[in-house]
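The values are calculated or read from the model by the stated rules, or taken from the named source; none is laboratory data. Small disclaimer: the values here were computed from a predicted structure and weren't measured. We place every Cβ from the backbone using ideal geometry, glycine too, and count neighbours over all the protein chains shown.
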Amino acid sequence: MKVERDQAEIKIKWDVKNKNDMEEAKRFFMNLTKQGWLAVYISKKNGKQHRALEFIDTQGELYFIPLSEGG
């Protein structure tokens, strides 16, 4: 799993074919969302941002925005 930080935003990428990578990304997702971060993914169908209310292992990347920035 790869983590990138850009000021207040965090982006993670993982290999959807690697079980360990997906599990690490899921733990990261659970940890940050419990802390109040908003998880967002970009739809592969329409390119729009959507809030991720649960971990989607096939997505391959997520963005995290602190609540104070996102709403």
Pick from Lys11, Lys17: which is in contact with a Phe, Trp or Tyr (Cβ under 8 Å, 6 or more places away or on another chain) and at pLDDT 95 or above?
Lys11
Hey, could you check segment 37-53 for residues that are small (Gly, Ala, Ser) and closer than 20 Å to Met1 by Cβ and say which is surrounded by the fewest Cβ atoms within 10 Å (Cβ to Cβ)?
Ala52
Mind checking which residues of segment 17-36 are loosely packed, with under 15 Cβ neighbours inside 10 Å and not acidic (Asp, Glu)?
Lys17, Asn18, Lys19, Asn20, Arg27, Met30, Asn31, Lys34, Gln35, Gly36
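Restricting to segment 54-71, name every residue that is farther than 20 Å from Asp6 by Cα and either modelled with pLDDT of 95 or more or surrounded by 10 or more Cβ atoms within 10 Å (Cβ to Cβ) (or both). Quick ask: steps written out before the conclusion?
As a first pass, look at segment 54-71 and keep what is farther than 20 Å from Asp6 by Cα: 54-59.
Glu54, Phe55, Ile56, Asp57, Gln59, listed by residue number.
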